[in-house]
């Protein structure tokens, strides 16, 4: 089978043929239809992510497909079930072996490309805003990187929770996507004085930052007393240092958030969150935005789109010869 493999952290990953293996106890074999890309994939390829697997390994943390085989002891989900899975790696391949306990059955109406970009992006924003930041109706939510894969879901969910959302993104096209997702105020990160504009709007009660760098520093200075600052990631490549005196003087909470960590220390909360999100999707309350889909043989280009932040929403890689990658349901790229 074909897979997008990292053989050396100093070399670009390549599509190559690798042996297909059988599922072990507690595992399932999934015929993969689509794989959503995440910033962590870029870090893994370089060997700088906190959970980078041993070489060689197949990239891809977020997958959707159909269960084809059970390992010993597995009875559910049943063979033939359409599922989404979050794993540390293995998704950018035609077939993958994953823990059965991590498989989440998806609605019949959900296209695989949407399912592959749903769990991490929506799961991250939902738990971050509800479980960690305790966002409440009427608060002002500042989202940095608001057109990115996770940032856009923070805009959408924040608006659904009744927050006044300030979206920060690069350029008019990306800001338009954030506006359509529910943002009340739009700030262009390329041209605006972020601190001044946020302060003019009344400051931020909650900051959602998946970017880091100068935006983080400006947001910290624009946050209101008693505010909560969510550290989601560092897409800019710049990990800022937090001046503790600013937290002290303004009574601000700096909150680290790693969605994958909930799999180990609070899986019940994660499962409850995903169940709520899938109900919202089925009710039509969530509209995933897939910014680009590329086939497996162009996975390198897909990673470059993610790295260079060329598109709004999720970047998804599709596998060959899998029926229903974009159907039934809404077409890929809709939102």
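None of the figures in this text is laboratory data; all of them are computed from the coordinates on show. Quantities reported herein were computed from a predicted structural model and do not represent experimental measurements. Every residue, glycine as well, gets a Cβ built from its backbone with ideal geometry; the counts of neighbours run over all protein chains shown.
One table, with the values for the structure above:
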| item | result |
| --- | --- |
| Residues in the stretch 184-203 reached by a label modelled at residue 238 [backbone nitrogen below 20 Å; 7 Å Cα→Cβ] | 187-199 |
| Gain upon complete extension [residue 69, residue 101; 0.36 nm per residue less C-alpha separation] | 10.1 nm |
| Residues 242, 166, 187, sorted so that the one with the fewest Cβ neighbours within 10 Å comes first | 242, 187, 166 |
| Cα coordinate range in the chain, projected on the principal axes (Å, largest first) | 57, 44, 37 |
| Residue 199/residue 173 FRET efficiency (R0 30 Å; Cβ-Cβ; nearest 0.05) | 0.70 |
| Added length on full extension, which subtracts the Cα-Cα distance from 0.36 nm per residue, residue 16 to residue 305 | 101.9 nm |
| Two-decimal log10 I(q)/I(0) for the stretch 60-154, as the Debye equation yields it once each C-alpha is a single scatterer, q = 0.16, 0.24 Å⁻¹ | -0.74, -1.22 |
| Two-site label geometry, residue 276 and residue 78: point separation in nm, points 7 Å out along Cα→Cβ | 3.0 nm |
| Of all DSSP beta bridges in the chain, antiparallel share, percent nearest 5 | 55 percent |
| Label-to-label distance, nm, for residues given as residue 265 and residue 250 (7 Å Cα→Cβ offset) | 2.5 nm |
| Descending Cα extents along the principal axes, the stretch 124-270, whole Å | 41, 36, 32 |
| The stretch 95-173-the stretch 239-312 distance, computed between alpha-carbon centres (Å) | 6 Å |
| Neighbour-count ranking [beta-carbon atoms within 10 angstrom, fewest first] of 55, 294, 92, 277 | 55, 294, 277, 92 |
| The stretch 121-260, relative contact order in percent, only Cα pairs under 8 angstrom and at least six apart counted | 22 percent |
| Likely footprinting exposure, 191, 293, 130, fewest C-beta neighbours within 10 Å first | 191, 130, 293 |
